[in-house]
Amino acid sequence: MPDTGSTRYELHDRPGFEKRLKELCSDCTPLYNNADGSADKQQQQFNSAITQGAKVIVLDPVDSAAAVSLVNAAHAQDVKVIAYDRPIPKAKVDFYVSFDNEEIGKKIATSLIEKVKSNKVPAGSGILIVNGSPTDAAAGLIKKGIHEGVDNSGVPVLAEYDTIDWKPENAQKWVSGQISRFGKKIVGVVAANDGTGGGTIAAFKAAGVNPNPPVSGNDATVAGLQLIISGDQYNTISKPSEIVGGAAAEVAVKLINGEKPEASDTLFGSPTKLYQPMLITAKNLKSEVVDKGITPAKDLCTGAYVKGCKKLGIQ
């Protein structure tokens, strides 16, 4: 896995993978590594896994371009590679498993644009776009989807930024500069995930903007969902990582057994299975997240968020 900046890898992706792997192959041994955002560290971990005898490596790359050499090195030793969550466009992997990242971008952008246009957009006003990391091919797909939702909407884009390493503090710093530049002309922000969305909201709060304009997100993290509950964030995407984690385990076992995993698509020349994301706003947060047991109320309705939970009927 690529980093610890997002809690999903330790709390959802890894458990989902290991649970399904144990069900399908009781004598398979998972070797887990997290690169902490370092492409060099990920390369060392990848090579170590091959040395330890890994037959299949599930790789969520820190740097999609740098990962090409990892795929080539694995294939040279007859080790299969499953690209996970983030594609590796310039390498032909054995399989790619993910939620549909382009659709994620389109959904969060279209939803936010509809919210912005529900009020008259003053002349000269517009939105900001806060993309993910430029080294992440999945961020590039999300960015493409965002523009599908924004470009012909009639709402101008005031400025756009690719967030280095997906770090919320980088998003916050950039948005702070745009607030100084555009002020009240900013009527909304399409942020590519909950981390960059949270950084965006923090920038508005630090500038004394209250309430802040609508801000999007993605990943349905506890922090992102709580910001929706409080009214600070407008939307996010629910994509339970256990689903893709389990799917990756299924593909891995088939590859180990010499079987051909079933693909629903082809992306970047590799067999692919994409899962559909669910848009979450305050209107369906209870029914789609809490009631379905994805994130329990006890994790969301704490401290300052209790009042917002009651307003949404979450107990």
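All conditions but one from (1) surrounded by fewer than 24 Cβ atoms within 10 Å (Cβ to Cβ); (2) under 23 Å from E250 (Cβ atoms) apply to I104; the one that does not is (1). Here K22 clears all of (1) loosely packed, with under 14 Cβ neighbours inside 10 Å; (2) more than 28 Å from Q276 (Cβ to Cβ); (3) not β-branched (V, I, T) except the condition numbered (2). For region 235-277, the set of residues classified as over 16 Å from L11 (Cα atoms) and charged (D, E, K, R) consists of E250, K254, E259, K260, E262, D265, K273, listed by residue number. Scanning region 154-171 for residues that are at pLDDT below 95 and either at positive phi or open to solvent by less than 20 Å² (accessible area, probe 1.4 Å) (or both) gives D165, W166. Being open to solvent by 40 Å² or more (accessible area, probe 1.4 Å), of a type in the set (D, E) and at positive phi is a property that does not hold for D151. Exactly one residue out of A39, A65, A73, A35 is under 29 Å from I129 (Cα atoms), among the aliphatic types (A, V, I, L, M) and free of Cβ contacts under 8 Å to residues at least 40 places away in the same chain: that is A35.
Taking the numbered list (1) farther than 22 Å from K311 by Cα; (2) surrounded by fewer than 21 Cβ atoms within 10 Å (Cβ to Cβ) in turn, D219 passes all entries but (2). Could you go through region 107-115 and let me know if any residue there is farther than 20 Å from Y234 by Cα and either over 22 Å from the mean Cα position of the chain (by Cα) or not aliphatic (A, V, I, L, M) (or both). No, region 107-115 contains no residue that is farther than 20 Å from Y234 by Cα and either over 22 Å from the mean Cα position of the chain (by Cα) or not aliphatic (A, V, I, L, M) (or both).
The values are calculated or read from the model by the stated rules, or taken from the named source; none is laboratory data. Bear in mind that the values here come from a model prediction, so they are computed numbers and not experimental data. Cβ: placed from backbone, ideal geometry, glycine included. Neighbour counts: every protein chain shown. The area values use the complete protein model at the heavy-atom level, side chains included, leaving out ligands, DNA and RNA. Shrake-Rupley method; radii C 1.70, N 1.55, O 1.52, S 1.80 Å.
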